[in-house]
1. Just checking, does region 209-223 include any residue being away from the ligand (no atom under 14 Å from the Cβ) and under 18 Å from the mean Cα position of the chain (by Cα)?
2. Could you give me the residue pairs with C-beta distances under 6 Å whose first residue belongs to region 75-98 and is of a type in the set (Ser, Thr, Tyr), whose second residue is outside any helix (DSSP H, G or I) wherever it lies, and which are 6+ apart or on separate chains?
3. Could you grab the pairs with beta carbons closer than 7 Å, sequence gap of 6+ or different chains, first residue in region 137-165 and more than 20 Å from Glu101 (Cα to Cα) and within 16 Å of the ligand (Cβ to nearest atom), second one of a type in the set (A, V, I, L, M, F, W, C) and assigned to a helix (DSSP H, G or I)?
4. Collect the residues in region 90-116 that are in a loop (DSSP other than H, G, I, E, B) and within 16 Å of the ligand (Cβ to nearest atom), keeping them in residue-number order.
5. Restricting to region 1-33, what's the tally of residues that are among the aromatic types (Phe, Trp, Tyr) and farther than 19 Å from Arg120 by Cβ?
6. Return the residue satisfying two criteria in turn: it lies in region 1-58 and is farther than 21 Å from Thr108 by Cα and among the hydrophobic types (A, V, I, L, M, F, W, C), and of such residues it is nearest to the ligand (Cβ to nearest atom).
7. Checking the condition β-branched (Val, Ile, Thr) and surrounded by fewer than 21 Cβ atoms within 10 Å (Cβ to Cβ), which residue from Ile195, Ile176 passes?
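Read the figures in this text as sums done on the coordinates, not as results from a lab. Source: prediction; values computed, not measured. So basically every Cβ, Gly included, is an ideal-geometry build from the backbone, and we count neighbours across all protein chains shown.
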Amino acid sequence: MASEEFDISHIHLGERPLIVCDVDDVVLQFIGPFQLFLQSRGHTFLPRSFRLHGNIVSQADGVEIEDHEVSRLIEEFFEAQELWQTPLDRVVETLDRLSEEADILFLTAMQPRFQDQRRRLLDRMGLLFPLLATEQPKGPIVHALHASRSLPVVFIDDMARNLHSVREHVADCLLIHLMPNSPVHRFAPAAADDITRATDWTHAAELIEAHFVSGTFTRAVPAA
Ligand SMILES: [Mg+2]
């Protein structure tokens, strides 16, 4: 994975812990608003497995929407996200508080061309932290950001594959699996046993604070 495939040159980290945070279904509601968007287009999402393709049908006749059409609907939703997406409970105040002691970065698996819409939406909610939109695997990105630092790092995501990617590439990272209790997330692949499942942002903040004071992140920092 060449680092040229993502641009982190606009991310400037301070000498303090780093919290890397997924956006869809972690900071902004995705699956709920997306279902409302589909209804507005005459479609229905059937939570039959943990994927969108193959599970969206026409309300009129129950016929499955073809894959290329589903991809187009997802793009239209991201284009119009400012009209639909809302923050998760307590995420705004929790990240605001955590930002007093840590840098926060939003790492969103979304096509970069929708970055402006997402930036405006996050800004409107007071979530002014830097944003990186890329569909590249997340592990190499967190590695590129953090590998040379001896400071705590936290990664939060609702997708097991992203958590596993970061675990593969970043030592001593606190991995938090935070996902909505939605019908479709019940089909989500489980994360590995050593990845902590947080029930909500209050719980996630407790895990993060405990990690910051635990010292388990220290890596060969010589005593002064
Ligand atoms: Mg997500």
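1. Scanning region 209-223, I find no residue that is away from the ligand (no atom under 14 Å from the Cβ) and under 18 Å from the mean Cα position of the chain (by Cα), so the answer is no.
2. Thr86/Gln29
3. Cβ pairs passing all conditions: Lys138/Val166; Gly139/Val166; Asp157/Leu163.
4. Answer for region 90-116, where residues must be in a loop (DSSP other than H, G, I, E, B) and within 16 Å of the ligand (Cβ to nearest atom): Ala109, Met110, Gln111.
5. The qualifying residues number 1.
6. Phe45
7. The match here is Ile195.
Residue by residue, here is whether (1) outside any loop (DSSP other than H, G, I, E, B); (2) surrounded by fewer than 19 Cβ atoms within 10 Å (Cβ to Cβ) holds:
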residue	(1), (2)
Asp7	no, yes
Val20	yes, no
Val26	no, no
Gln39	yes, yes
Leu83	yes, yes
